[in-house]
1. Taking the options A:VAL91, A:VAL155, A:VAL84, name whichever one is at the interface with chain B (Cβ under 10 Å from one of its Cβ atoms) and either in contact with a Pro (Cβ under 8 Å, 6 or more places away or on another chain) or assigned to a helix (DSSP H, G or I) (or both).
2. Report whether or not A:ALA57 is surrounded by 12 or more Cβ atoms within 10 Å (Cβ to Cβ), in a loop (DSSP other than H, G, I, E, B), aliphatic (A, V, I, L, M) and in the same structural domain as A:GLU31 (by TED's automatic domain parsing).
3. In segment B:25-41, how many residues are modelled with pLDDT of 85 or more and either in contact with a strand residue (DSSP E or B) (Cβ under 9 Å, 6 or more places away or on another chain) or not hydrophobic (A, V, I, L, M, F, W, C) (or both)?
4. Identify, from the list A:PHE143, A:PHE137, A:PHE59, the residue that is of a type in the set (Phe, Trp, Tyr), within 23 Å of B:LEU12 (Cβ to Cβ) and modelled with pLDDT of 85 or more.
5. Do we find a residue being in a loop (DSSP other than H, G, I, E, B), surrounded by fewer than 18 Cβ atoms within 10 Å (Cβ to Cβ), over 15 Å from the mean Cα position of the chain (by Cα) and touching a residue at least 24 places away in the same chain (Cβ under 8 Å) anywhere in segment A:98-105?
6. Please go through segment A:11-23 and pick out each residue that is under 15 Å from B:GLU21 (Cα atoms) and either in contact (Cβ under 8 Å) with a residue 12 or more places away in the chain or within 7 Å of chain B (Cβ to nearest Cβ) (or both).
7. If you check A:LEU43 against the conditions, is it more than 10 Å from every other protein chain (Cβ to nearest Cβ), on the phi < 0 side of the Ramachandran plot, in a helix (DSSP H, G or I) and not hydroxyl-bearing (Ser, Thr, Tyr)?
8. Could you look through segment B:9-21, keep only residues that are within 7 Å of another protein chain (Cβ to nearest Cβ) and surrounded by fewer than 16 Cβ atoms within 10 Å (Cβ to Cβ), and pick out the one that is modelled with the highest pLDDT?
Amino acid sequence: MAQKDRNAFSLIYEKYFERIYRFIFKRVQDEAIAGDICQETMLKAMFNIHKFENRGAPFSAWLYRIASNEVNLYFRKSKKMISVEIREKDVQAIMTEISIENVESEDEQEKLIAALNSLKPEYAELIDLRFFMRYSFKEIAEFYNITEANAKMRVYRILDRLKKGWDSK
Amino acid sequence: MRKYKINRDKPLKEPSKEAIEKYKDFSRLSHEYDRLTRRPKVPIYKDKKMFLVLLLIMLIVFVLTQVIDEEEKDTEEGVNSTQIEQVED
């Protein structure tokens, strides 16, 4: 990488490091692991910067995608279980979305958590982005490089599954 | 693997500013990039072991091409001699 490009990348690094670090931390909940994954993300971005195509989505969406892949890779490689803490009101937001009446009930909330824990990782990621990281559909669309309508459809399809699973219990 | 857990009373864990600063190190990244992209110090042909391996590969290729050439010559000669025999008959 030419020195000029390297200087340019240092500006990118400076601008996005904290955001990417916080994004990773939310998922792994450990400062050191988040630090390592963040460096790995930036290294991959540095190697592949020439592959980035500007199709209207912000540059950060590309970085978030790399970070997300790195986090998933970390989860696949590591054998240990990591518990990710989420807010009660975020769980309640999902319950409202799938029309569960008693959102205050801790039993019902735990039931939903169990259902979320059994989701496929790619579905859990969407729920994560929408309800726990509070991404708008536009941001989710940019993240996956899909249309906003498609992002909505994917999220509601997963919520539908959760609802069906709930009703059948 | 990760499992969700509801946090009911404590505030959610957030990384400290110090931690972020501690892990933010462009020179380390740059160094890592250089390490991964750096050419090996000794050229392959100057490395004794690699030189022998290269020599061996070249020898095998040479022998194979010789064998193939010989076989082609034999088949050509065979075809020619049968053609001559046919003409003589």
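The values are calculated or read from the model by the stated rules, or taken from the named source; none is laboratory data. As the structure is a computational prediction, the values presented were derived from the model and not from experiment. Reconstructed Cβ throughout: ideal geometry from the backbone, glycine too, with neighbour counts over all protein chains shown.
1. Result: A:VAL91 is the single residue among A:VAL91, A:VAL155, A:VAL84 that is at the interface with chain B (Cβ under 10 Å from one of its Cβ atoms) and either in contact with a Pro (Cβ under 8 Å, 6 or more places away or on another chain) or assigned to a helix (DSSP H, G or I) (or both).
2. Yes.
3. As a first pass, look at segment B:25-41 and keep what is modelled with pLDDT of 85 or more: B:25-36.
Checking the rest, the ones that are also either in contact with a strand residue (DSSP E or B) (Cβ under 9 Å, 6 or more places away or on another chain) or not hydrophobic (A, V, I, L, M, F, W, C) (or both) come to B:25, B:27-28, B:30-35.
Residues in segment B:25-41 being modelled with pLDDT of 85 or more and either in contact with a strand residue (DSSP E or B) (Cβ under 9 Å, 6 or more places away or on another chain) or not hydrophobic (A, V, I, L, M, F, W, C) (or both): 9 in total.
4. A:PHE143
5. yes
6. Taking segment A:11-23 and keeping what is under 15 Å from B:GLU21 (Cα atoms), we get A:13-22.
Of everything in segment A:11-23, those that are under 15 Å from B:GLU21 (Cα atoms) and either in contact (Cβ under 8 Å) with a residue 12 or more places away in the chain or within 7 Å of chain B (Cβ to nearest Cβ) (or both) turn out to be A:TYR13, A:TYR16, A:PHE17, A:GLU18, A:ARG19, A:ILE20, A:TYR21, A:ARG22.
7. In short, no.
8. Filtering segment B:9-21 for residues that are within 7 Å of another protein chain (Cβ to nearest Cβ) and surrounded by fewer than 16 Cβ atoms within 10 Å (Cβ to Cβ), the one modelled with the highest pLDDT comes out as B:LYS13.
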